[in-house]
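Note sheet for the following structure.
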Amino acid sequence: STTAITKDLLKDAFLEADLNAPPRLVEEAFISCISEQGQVSSGLSWDLWVRVAEQIRKLIPVENRKQATFSDAELDQLRTAFNLQSSDGFVSKGQLLWMLADSGMPVNKASGRRDLYLSLDRARRKALDAGVPEEDVGQIGSPRIRFFPVVHLARAFLKNLTQKVLEREEAAMRAVRFSSTEVMELRHLFEREAQECIKEEQQHDKEDEPRSLGTVIRLLGQEARVPISRVILMTARIGARIKISQKEELYFKIRELCVQDPGETHRGIDFPCFLQLMQWMLDCNFGDINSAAERSR
């Protein structure tokens with residue numbers, strides 16, 4: 001017997017074909033199937049499926065550009081936070097500055113605010129170039145700020161953050177003497193611990209409390225970090241025997257390495273700092289870590 005096509009089945013079929021279509025495109029594809037075939041209670045013809053799948057394949061990158069490559073879930077988070085302050089689909093410049101106060105964007109200084117307004121108009125142009133309808137973008141220079149320019153503004157900010165993290169990582173890798181295999185192993189160890197920390201943070205979050213736009217953007221750009229106390233546990237796992245009397249020295253070295261870290265150091269150290277810490281520990285055989293390295297060979 002044949003199965004009637006539903007939106008959920010159509011979405012699953014797209015996923016099987018490696019087409020991660022957002023809900024709006026699935027809805028449009030479903031309506032298209034009904035309009036072309038008349039009814040879908042007996043499934044789809046092969047020719048119609050091929051046409052619809054090809055159309056979706058072409059539209060997914062277009063939709064991704066409109067959304068500034070944010071996933072549907074991330075876009076929903078941004079929209080929910082934006083709508084907390086918007087009226088009739090827009091916010092004022094003053095409201096936007098208040099909404100972004102905890103984002104990490106430099107909006108608390110006059111120079112930062114001037115840069116923000118320039119960036120906002122660049123984001124409007126970017127949204128238009130990506131195919132966002134003009135009515136969803138608004139006028140260049142307008143004091144009324146709509147949602148999609150804010151989406152593209154957030155992406156530009158997060159892209160800049162990512163670039164800075166990559167530059168720090170490249171500098172750290174030039175400063176250490178680990179092989180590429182050793183760097184990969186240390187990264188795996190670090191990221192596994194960082195993921196555990198993120199899970200614990202999420203468990204302590206108040207699910208019912210709405211997040212501000214700035215908080216959503218800050219969390220989307222939050223790089224992996226491990227608290228210093230857990231860094232000590234990590235080094236113990238790989239064989240370092242750190243005495244109580246040595247902990248103060250280790251804390252001092254971590255603070256020294258973090259001087260060049262522009263991120264949220266109160267959350268712990270990032271991977272570049274961890275990489276340099278491991279090199280220092282090996283160089284001075286801190287906690288007799290080299291003995292552990294020899295035993296593992």
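The values are calculated or read from the model by the stated rules, or taken from the named source; none is laboratory data. Quick caveat, the model's predicted, so the values are computed rather than measured. FYI the Cβ positions are ideal-geometry reconstructions off the backbone, even for glycines, and counts take in every protein chain you see. With ligands, DNA and RNA removed, areas are computed over all heavy atoms of the protein, side chains included. Shrake-Rupley method; radii C 1.70, N 1.55, O 1.52, S 1.80 Å.
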inquiry  = For Cα pairs less than 8 Å apart in space and 6+ apart in sequence, what is the mean separation divided by the residue count of the chain, i.e. the relative contact order in percent?
reply    = 17
message = Using the Karplus curve 6.51 cos²θ - 1.76 cosθ + 1.60 with θ = phi - 60°, what ³J(HN,Hα) values do you get for each residue of the stretch 177-188, in whole Hz, with x for Gly and Pro?
response = 10, 6, 6, 4, 5, 5, 4, 4, 5, 5, 5, 4
remark   = In Å, the C-alpha Rg and Dmax of the stretch 55-163 are 13.6, 47
query = Under a plain spin-label model, where a point goes 7 Å from the Cα along Cα-to-Cβ, how far apart in nm are residue 209 and residue 159?
reply = 3.3
key: Expected 222 nm ellipticity per residue - DSSP helices of 4 or more, -39500 (n - 2.57), all of the chain, to 500   = -21000 deg cm²/dmol
inquiry  = Which order do you get for 113, 122 if you rank them by accessible area with a 1.4 Å probe, largest at the top?
reply    = 122, 113
note = Along principal axes, largest first, the alpha-carbon spread of the chain in whole Å comes out as 77, 59, 37
note = Here the gain from full extension of residue 285 to residue 175, 0.36 nm per residue of separation minus their alpha-carbon distance, amounts to 37.8 nm
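Under a 1.4 angstrom probe, counting protein chains only, how are 188, 152 ranked by accessible area, largest first? Present the calculation step by step, with values, prior to reporting the outcome.
On the way: 188 115, 152 15 Å².
Descending order: 188, 152.
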ask   = Under a plain spin-label model, where a point goes 7 Å from the Cα along Cα-to-Cβ, how far apart in nm are residue 129 and residue 51?
value = 3.5
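Given a Förster distance of 45 Å, report the FRET efficiency between residue 244 and residue 36 from their Cβ-Cβ distance, rounded to the nearest 0.05.
Values: r = 74 Å, r/R0 = 1.64.
E between residue 244 and residue 36, to the nearest 0.05, is 0.05.
What length, rounded to one decimal in nm, is gained on full extension from residue 182 through to residue 201, with 0.36 nm per residue of separation minus their alpha-carbon distance?
Values: separation 19, 0.36 × 19 = 6.84 nm, distance 2.87 nm.
So the extension gain works out to 4.0 nm.
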ask   = To the nearest 10 square angstrom, what accessible area does residue 66 show with a 1.4 Å probe?
value = 50
inquiry  = Please compute the modelled spin-label separation between residue 114 and residue 20, points set 7 Å along Cα→Cβ, answer in nm with one decimal.
reply    = 4.1
task = For the chain, find the longest principal axis of its Cα atoms and tell me its angle to the long axis of helix 147-175, 0 to 90°, nearest 10.
result = 30
